[in-house]
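Accompanying notes for the structure given below.
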Amino acid sequence: MLDESQYILIKTNQKYVIEYCNHSFQQLIGKSEPELVGQNLESVWVPTTPQAVRDFGAKRFDEQGFYTGFSAYRVGSRNYWVFFDFGKRFSIDGRWLGYECLGYLPSKKGVDFFSTIYSKMESIEAEAEGNVGKKASLEYFLQSIDAMGCGYEELVCTLQDL
């Protein structure tokens, strides 16, 4: 588990293969850097968030080149919540190298807010499978954000006390 002084740093190539990960990530996952480097990030660090949220994040990432949010990840038999920034990384001369993920201990109010929403979304997705479930789940997600009276990025930053 992360404490307030720790952060996760993961760098991958363009195909999400881990090239570097810091000690905090290694401790959380329970594997050493040599065990993690060369592994696909998506097979090691699997989010347990609803599919509609993952699709929302992918769309925002495509539009903006980065994505910030709250997510839960399964490590062994436990779920760990992380507040993260995910974006593309570039060389000094502008070549696209891959991705970088920074993860921090999330605020309690952020975890409370998103865990409640995600739980309802998972129920919606389970009741109506496929695209119908994802669409209904995404509508609920967006309505929940709208009900807070601000946009997604503003809400995430407010809940994380940024």
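The values are calculated or read from the model by the stated rules, or taken from the named source; none is laboratory data. Owing to the predicted nature of the structure, the values given are computational and were not obtained by experimental measurement. Neighbour counts are summed over all protein chains in view; Cβ atoms, including those assigned to glycine, are modelled from backbone coordinates with ideal geometry.
For the list (1) out of contact with any Lys or Arg (no Cβ under 7 Å at 6 or more places or on another chain); (2) under 20 Å from Tyr152 (Cβ atoms), I need the number of the one condition that Gln27 fails.
Failing condition for Gln27: (2).
Just wondering, is there one or more residues in the stretch 143-162 that are of a type in the set (S, T, N, Q), crowded, with 16+ Cβ neighbours inside 10 Å and assigned to a helix (DSSP H, G or I)?
Within the stretch 143-162, one or more residues are of a type in the set (S, T, N, Q), crowded, with 16+ Cβ neighbours inside 10 Å and assigned to a helix (DSSP H, G or I).
Is there any pair with a first residue in the stretch 120-149 that is under 20 Å from Gly110 (Cα atoms) and a second that is among the polar types (S, T, N, Q) whose Cβ atoms are under 7 Å apart and which are 6 or more apart or on different chains, and what are they?
From the stretch 120-149, the pairs are Met121/Ser137.
Residue check: is Thr12 closer than 28 Å to Val132 by Cα, among the β-branched types (Val, Ile, Thr), touching a strand residue (DSSP E or B) at 6+ places or on another chain (Cβ under 8 Å) and not in a helix (DSSP H, G or I)? Before you say what the answer is, go through the steps one by one.
On the way: closer than 28 Å to Val132 by Cα: no; among the β-branched types (Val, Ile, Thr): yes; touching a strand residue (DSSP E or B) at 6+ places or on another chain (Cβ under 8 Å): yes; not in a helix (DSSP H, G or I): yes.
So Thr12 fails the test.
Given the conditions (1) in contact with a Ser or Thr (Cβ under 6 Å, 6 or more places away or on another chain); (2) farther than 21 Å from Asp3 by Cβ, and given that Val44 satisfies all but one, which numbered condition is not satisfied?
Failed condition: (1).
Please specify each residue of the stretch 65-106 satisfying the condition of being at pLDDT below 90 and polar (S, T, N, Q).
Ser71, Ser77, Asn79
Going through the stretch 15-29 one residue at a time, which ones are of a type outside the set (S, T, N, Q), touching a strand residue (DSSP E or B) at 6+ places or on another chain (Cβ under 8 Å) and surrounded by fewer than 18 Cβ atoms within 10 Å (Cβ to Cβ)?
Lys15, Tyr16, Val17, Glu19, Tyr20
Hey, which of the helices (runs of 4 or more DSSP H) in the stretch 36-135, taking only ones fully inside, have at least 2 residues that are more than 16 Å from the chain's Cα centre (by Cα) and either of a type in the set (S, T, N, Q) or under 21 Å from Tyr152 (Cα atoms) (or both)?
108-127
Kindly indicate whether Phe86 is among the aromatic types (Phe, Trp, Tyr), without any contact (Cβ under 8 Å) to a residue 40 or more places away in the chain and at negative phi.
Criteria met by Phe86.
Residue by residue, here is whether (1) among the basic types (Lys, Arg); (2) crowded, with 16+ Cβ neighbours inside 10 Å; (3) at pLDDT 95 or above; (4) within 30 Å of Glu127 (Cα to Cα) holds:
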| position | (1), (2), (3), (4) |
| --- | --- |
| Leu2 | no, yes, no, no |
| Lys11 | yes, yes, yes, no |
| Lys31 | yes, no, no, no |
| Val37 | no, no, yes, no |
| Val44 | no, yes, no, yes |
| Pro50 | no, yes, no, yes |
| Lys59 | yes, no, no, yes |
